[in-house]
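Structure first, commentary second.
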Amino acid sequence: MRENEVRRNEVLVARHAAAVFDAQLEFIGTIRTPWTSRLACPRQGRADGPVCEIEIHQPWVPALAGIAKYSRLEVLYWLHHSRRDLVLQSPANNGEVRGTFALRTPVRPNPIGTSIVDLLSVDGAILRVRGLDCLDGTPLIDLKPDRALFTPIAPPQPGDFETG
Ligand code: SAM
């Protein structure tokens, strides 16, 4: 398997001139994992996977205050080696294709990956976690407490309990 290949029946698009490319993401850290090749990475992180490190860059280290009380975090990262132009993809490379948004493929217009990780420790700017699936050096976009563990701190707001 080649990295960034276009497979049989896959469809790529030219980014149109009016596309807005201005989210201005700031990479707030770097993820350290044992994987240096995409082909060696697991497809999804596992709770029994290797311990990995998330290094937070200044000036964002103080934003970790309070995070240690959460045993699980949601991690968002930028899959920086991904191509970004496929609309139909063939994950099994057998000619059968599915839409990009029906897949968790790293190949997407905005290559954002997410993982739920177990938080093992916080030491200054370094978090040790299990459950990642990305390359060593992958840029970090955001960290949040796992939503299942998080209780909003502000009082309830109108709309919080609406259904449908
Ligand atoms: N868990 C995330 C998700 O579901 O959003 C990512 C899943 S994606 C299938 C994981 C794969 O992305 C890995 O197996 C590897 O092939 C690829 N990958 C990992 N780090 C990457 C990076 N920095 N740039 C491009 N591809 C990467």
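A short reminder: the numbers here are calculations on the coordinates, not readings from a lab. Keep in mind it's a predicted model, so treat the numbers as computed, not measured. Don't worry about glycine lacking a Cβ; one is built from the backbone with ideal geometry, like all the others, and counts go over all protein chains shown.
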Residue count, the stretch 76-105 (criterion: within 18 Å of Asp133 (Cβ to Cβ), among the polar types (S, T, N, Q) and in a loop (DSSP other than H, G, I, E, B)): 2
Would you check if Ile31 is within 13 Å of the ligand (Cβ to nearest atom), of a type in the set (A, V, I, L, M) and either part of a loop (DSSP other than H, G, I, E, B) or touching a strand residue (DSSP E or B) at 6+ places or on another chain (Cβ under 9 Å) (or both)? yes
Mind checking which residues of the stretch 4-62 are within 15 Å of Leu132 (Cβ to Cβ) and without any contact (Cβ under 8 Å) to a residue 12 or more places away in the chain? Ala40
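For (1) loosely packed, with under 15 Cβ neighbours inside 10 Å; (2) over 19 Å from the mean Cα position of the chain (by Cα), each residue gets a yes or a no:
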{"site": "Tyr70", "(1), (2)": "no, no"}
{"site": "Ser82", "(1), (2)": "no, no"}
{"site": "Gly137", "(1), (2)": "yes, no"}
{"site": "Pro155", "(1), (2)": "yes, yes"}
{"site": "Phe161", "(1), (2)": "yes, yes"}
When the stretch 106-119 is checked residue by residue, the ones that are more than 8 Å from the ligand (Cβ to nearest atom) and either within 11 Å of the chain's Cα centre (by Cα) or assigned to a strand (DSSP E or B) (or both) are Asn110, Ile116, Val117, Asp118, Leu119
Need pairs with beta-carbon distance below 7 Å; first residue free of Cβ contacts under 8 Å to residues at least 24 places away in the same chain and within the stretch 78-95, second assigned to a loop (DSSP other than H, G, I, E, B); sequence gap 6+ or separate chains. Pro91/Leu103; Pro91/Thr105
Determine which single condition Ala148 fails, assuming it passes every other condition in (1) in a loop (DSSP other than H, G, I, E, B); (2) surrounded by 11 or more Cβ atoms within 10 Å (Cβ to Cβ); (3) in contact (Cβ under 8 Å) with a residue 24 or more places away in the chain; (4) out of contact with any helix residue (DSSP H, G or I) (no Cβ under 6 Å at 6 or more places or on another chain). (2)
The stretch 75-105 - residue that is more than 25 Å from Asp118 (Cα to Cα) and among the charged types (D, E, K, R) and, of those, farthest from the ligand (Cβ to nearest atom): Glu96
